[in-house]
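Have a look at the structure below before the remarks.
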Amino acid sequence: MRTLIAVAVLNALVACQPRGAEPLEWPVARNVPVAPTSTPHRSSPPPTITEALPKLDLNFDAVTVQADPTRLDRWPLSMSEHIAFEPHFDIVNALAEPGMEWTRLCALGAHKRVLPPRLADQGRYLAGWCAALDHDLDRAIDFLAPLRTSVVSGMSEAVRADLATLLCQTGGADVAREHVAKYGLGRDLAVLDRLSAMYVELHQDEDALEISALAIANDNDTVPSESCTRFARRVALVPDVFRNAPQVIRKVAAERGEDAHLFPDQLLSDPSCRRLEAETTCWLDGNRCAAWWKENNVPESDIALAAATNLWPTSSNRVEQWLAVSRSASLQLPAPQAYELLLRSLRNAIKTTNCSDHEHRREIGTIATRAQSFAELPAGMLNSFNQFADTSKLCWPD
């Protein structure tokens, strides 16, 4: 029941759409005075974001703690694996001398020869690829699909990879789904997973989402780690749509008296699922990272720094994002590393606000004033925080 709830909610939230634009490429860093001596002209371009995440001496691995499930959008393809129109099984080694190309075997008619029973599956495999070479997808799948149960070493896995490759050649997910239904491949999740990943490789995210949704719908949760990876992959494909998913799921769960999780409850008994759900939830909402930090054994004393590390944008012109980092860093004062984190994030916040943005400028001043109140404030940073506190001098014209 919990799976049906989660899938129904996520289906309702997602409208197949491509991922948003790539992060902005900021110009080469240049020095910008913290407190300009005169008000810049309105025709002047705004300052660039130059402050990077500082190198921190933490009691945890900051890289590991950063939540980022986007690596899963190409799952189960490896980083070095790309789409190639060629057999995944070494059919040449099985039927010919080394150095022969499989396309040459087709040209010689090797797939039409009568082979001994011990090579029957290899013969059908070659026939399938020769049909694909002739652009006859239906005949190719007719030959290959039954070989998913082959006992020849390595063939069943290769055939699933081949089927995904051929289905990807048909065009969009709508045509691929017709072939999936026609040949009974809907419950072969290995085929669907690879097909979804291949659409990502081709930047066809709508098609990837459609096939990913089909895999989730046909998943019976027999391998929890893979089931959770499918959920996380779908979220990674359209994160903006899923930002509200946790709130909706919490509401549905509360109505049924259940615990609220992004993934189905029955999967969370699996340790890898708990970890992946914690990472995905933290990635969606930087304020909901407690479970993710726990998974990474982040010391209590470093939790605020972990929050700031997770929230730090790679590039952003939104003052709200930089202030989120500043708030997290200020909670860890008077730790010396928190001052450095706070100083850099406030500089970026200043560069992304303007003179009429009184609310955010007041918050910048409030945070800076709090930093000044600690006796441990490093002497070299005192002047910077003094300037931040006087926000009337730190704004950019509209």
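The values are calculated or read from the model by the stated rules, or taken from the named source; none is laboratory data. Note that the structure is a prediction, hence the values are computed from the model and not measured. Please note: Cβ atoms are built from the backbone with ideal geometry, for glycine as well, and neighbour counts cover all protein chains shown.
With respect to (1) at pLDDT below 95; (2) of a type in the set (A, V, I, L, M); (3) farther than 20 Å from residue 184 by Cβ, the lone exception for residue 137 is condition (3). Counting just the residues of the stretch 276-303 that are hydroxyl-bearing (Ser, Thr, Tyr) and surrounded by 20 or more Cβ atoms within 10 Å (Cβ to Cβ), which one comes out modelled with the lowest pLDDT? Once the filter is applied, the top-ranked residue is 281.
Restricting attention to the stretch 176-197 and to residues that are within 24 Å of residue 127 (Cβ to Cβ) and small (Gly, Ala, Ser), the residue that is surrounded by the most Cβ atoms within 10 Å (Cβ to Cβ) turns out to be 176. A residue that is hydroxyl-bearing (Ser, Thr, Tyr) and modelled with pLDDT of 80 or more occurs nowhere in the stretch 304-318. From the list 158, 173, the lone residue that is crowded, with 18+ Cβ neighbours inside 10 Å, in contact (Cβ under 8 Å) with a residue 60 or more places away in the chain and within 31 Å of the chain's Cα centre (by Cα) is 158.
Keeping to the stretch 114-140, report how many residues are under 20 Å from residue 100 (Cα atoms), aliphatic (A, V, I, L, M) and touching a Ser or Thr at 6+ places or on another chain (Cβ under 7 Å). Summing the residues that are under 20 Å from residue 100 (Cα atoms), aliphatic (A, V, I, L, M) and touching a Ser or Thr at 6+ places or on another chain (Cβ under 7 Å) in the stretch 114-140 gives 1.
Listed here are the residues, each with its yes/no results for (1) among the aromatic types (Phe, Trp, Tyr); (2) modelled with pLDDT of 85 or more; (3) more than 26 Å from residue 81 (Cβ to Cβ).
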| residue | (1), (2), (3) |
| --- | --- |
| 210 | no, yes, no |
| 217 | no, yes, no |
| 224 | no, yes, no |
| 240 | no, no, yes |
| 243 | no, no, yes |
| 248 | no, no, yes |
| 265 | no, no, yes |
| 274 | no, yes, yes |
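At least 1 residues being in contact with a Lys or Arg (Cβ under 8 Å, 6 or more places away or on another chain) is the threshold, and among the helices (runs of 4 or more DSSP H) wholly inside the stretch 268-371 those reaching it are 271-284, 290-295, 319-330. Does residue 160 fit the bill of being at negative phi, modelled with pLDDT of 95 or more and touching a Cys at 6+ places or on another chain (Cβ under 9 Å)? Taking the combined requirement at face value, the residue does not satisfy it. Pairing residues of the stretch 106-126 that are under 15 Å from residue 159 (Cα atoms) with residues that are of a type in the set (Gly, Ala, Ser), at Cβ distances under 7 Å and at least 6 apart in sequence or on separate chains, gives 121/150; 122/94; 126/110. Exactly one residue among 369, 353, 309 is among the polar types (S, T, N, Q) and surrounded by fewer than 22 Cβ atoms within 10 Å (Cβ to Cβ), and that residue is 369. Could you check, for the stretch 88-101, whether at least one of its residues is polar (S, T, N, Q), at pLDDT below 95 and more than 30 Å from residue 286 (Cβ to Cβ)? Checked the stretch 88-101: at least one residue is polar (S, T, N, Q), at pLDDT below 95 and more than 30 Å from residue 286 (Cβ to Cβ).
Residues in the stretch 329-347 that are closer than 21 Å to residue 317 by Cβ and surrounded by fewer than 24 Cβ atoms within 10 Å (Cβ to Cβ): 343, 344, 347. Residue count for the stretch 74-95, restricted to those that are aliphatic (A, V, I, L, M) and either closer than 18 Å to residue 190 by Cα or assigned to a loop (DSSP other than H, G, I, E, B) (or both): 4.
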